[in-house]
Every structure is written in C-alpha cells, then in structure tokens.
1. Can you pull the Kirkwood radius for segment 27-250, inverse mean 1/r over Cα pairs, to one decimal in Å?
2. Need the full-extension length gain, S171 to E142, defined as separation in residues times 0.36 nm minus the C-alpha distance. One decimal, nm.
3. Only four residue types carry charge here, +1 at the Cβ of Lys and Arg and -1 at the Cβ of Asp and Glu. Report the dipole size of segment 27-250 about the Cα centre in Debye, rounded to the nearest 20.
4. Could you derive backbone 3J(HN,Hα) for segment 43-56 from the dihedral phi with the Karplus parameters 6.51, -1.76 and 1.60 (θ = phi - 60°), listing whole Hz in sequence and x where the residue is Gly or Pro?
5. Neighbouring Cβ atoms within 10 Å as the yardstick, rank V95, V285 fewest first.
6. Net charge near E121: determine it from the other residues with C-beta under 14 Å of the C-beta of E121, scoring Lys and Arg +1 and Asp and Glu -1.
7. Given the -39500 (n - 2.57) contribution per DSSP H run of 4+ residues, what per-residue ellipticity at 222 nm results for the chain, rounded to the nearest 500 deg cm²/dmol?
8. So, in Å, what gap is there between the alpha-carbon centers of segment 56-84 and segment 228-283?
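What follows draws every value from the coordinates through simple rules; no lab data is involved. The model shown is predicted, which means the values in this text are computed figures rather than measured ones. In this analysis, Cβ positions are derived from the backbone assuming ideal geometry, glycine residues included, and neighbour counts consider all displayed protein chains.
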Amino acid sequence: MRLNVYQGAAVLVLLALSLAVQAKPATVDDYEMSAQEIAPNVYAVLTPSRDFPSAENLGWNANMAFVVTEEGVLVFDTGSSEVIGEAILRTIRTVTEAPIRWIVNSHSHGDHWLGNAAVAEDGTEILASARTRELIENDGLEWVRRFNDMTEGATGDSRVLPPNVTVSDNSARDFGGVRGEFYLSPHGHSPGDLVLWLPEQRVLLAGDVVYQGRIAGTFDADFQGWIALLEVLEALGAEVVVPGHGDVTEGEAVARQRAYFERLWAVVEEGFDEGLPDFEIAPRVREQMAEFETYYPDLQEGIGASVSHAYLQVEAAAF
C-alpha cells in the first residue's frame, strides 16, 4: 500500500513539473529570425512553420515584412504574441535603427497582430480596416487565451494593442517616400482583409489572402469575396508576393490561389446540385484538385474542412 502511495505521489510530482514546463512563456532568444531582403529596402521575416500555433513552434507560424523608408520603418503584421513581436523588433534592428512609424495589421486573426504592443513606439500609427479594428477590440483577449492554450503557455499574456488608424477603402499613401496602395475586402479570408501593394518595388504584402506551401485556412472565409479580391490583386502584376504563411513566392501565386478556390467552389457546387452531402463530395474534390498538391502539399489531408466550409456557402447561395 505504501509503495502505491509513493508511486502515486511520484506521478503527481512529475505531472506538476511537466505542467510547469509547459506553462513557461517563451523568450526572445527562443526565436531564430532573420530578415530576407526581397526588394530594395523591403524585407521579409519568414517562419519555418507550416502549422497552426503550437508548443513545437512556440506560436510563431505567420510571416511578416517591413520596409525601410526615409522617415522610418513600415511593419506589416507583428506575429502571434508580444514576445514574438519583441523578436521581430530585434530582427528589424539588425537592419536599421530607424523609428517604427507605421504598422499594418492585415486582418484580425491573432497570429498577425498580437505583437503590436512590442513593436509599436510612442506615436506609431497602427493601420487596419475598420472591421479588423472592431474585431481586435472585441476579441483580442480571446486570441491571447486561445494561443496560450494552443502553445501550452509559450505565447504568454500578450497585451492587446488595437489599431488606431482605419483604412476605409482602396487608397494610396506615401510612407516616407515609398508609395503604398491598400486593397480592402469586406470579407475574403476573414472580415476586413487588408493587403498592401508596393508598386515601385512590384511587391505584394498579401497577408493570408495568399498562401504558399500549405492549404489556406477557410474557417473564417467568404469564398466569393476572397475570389473577387484575388482577381483585383492578380491585375496588379506583382513580381514578388509575401504570403501570410509559406515562402516568398512569385506573382503567379495570386492567380493560382484564385484558381484553387474557383475549382473548389465548382466541384462542391456540382456535388451539392447532385444532392450529395459534403463528406461524399470531399473525395471528388481531392481527386479533381490533385494538381494543386505541388504548391499545397497538405491538400489531401487537410482540404476536408474547406469542403465543409464551402458547402455551407454553396447551400446558402442556392436559396
């Protein structure tokens, strides 16, 4: 009996130690980041992860970019936590000591803005669509909690710093001598997507409107709105695209992402018209979209969720 008690106590101690380790927030030194110059004075900071925030990637699963201008630095997205934002800022400082004048938040999902509090300085403008600002103000603490759960405490208790300047329509602006053009969608990948086009550099900072190396997340998407935005972006003729997830890629990635969603919608719609449920349409989607696996290697495994999401929207459009 006493042996069993000791064994049980030992298990509890080990469990407590395990939980303590899991609950330890990451530090700046845990993130190995580097700035990749993709055009003159335009840099990308790319995560090697192709997954959701997790204990393994310490929450760092999304890309960001920055532009060094005559008047300071423009930062596009800031990562999944305040400590990731600190690591991003440290990476920027390997290139320039110029002040952080502007931050652009592409959308409201926490892996793209929870680093705001670490990157922003006094007077920094944080730009986003009005819908993104509203969602961050309303749901910001939930993103902190969610990522802490997903990463077993690695992302810590990030401060929520919402955007303070809203972009209400497609518009152009000068950023320290660099022209930037905003393209806005009411609802594409998520409500209030905002993309930044640098026409002189031919660089598109796409956020999650474009994916590379993994299939797109569609849990918060409007497929037809996403396709419409991609059609607009395709006409820009980008030479370099920084996706929200995956490697820096060529302009053809925009057309490819559009074709991917158009095919997905068409196959799901065909199955719906035949009276099939979503789970019977999924094998057909996998077969008819196999050509996209070169660019989205997880397609066969992961596209089932997108089939279900598309099915609901096809059904809604039919009535």
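1. Roughly 16.9 Å, rounded to one decimal.
2. Separation in residues times 0.36 nm, less the Cα-Cα distance, equals 7.3 nm.
3. 140
4. So the J values, rounded to whole Hz, are 10, 10, 10, 10, 7, x, 7, 10, 10, 6, x, 8, 5, 5.
5. Sorted ascending by nearby Cβ count, the order is V95, V285.
6. Within the 14 Å Cβ shell, the charges total -3.
7. Using -39500 (n - 2.57) per qualifying helix, the result is -12500 deg cm²/dmol.
8. Cα centres, segment 56-84 to segment 228-283: 26 Å.
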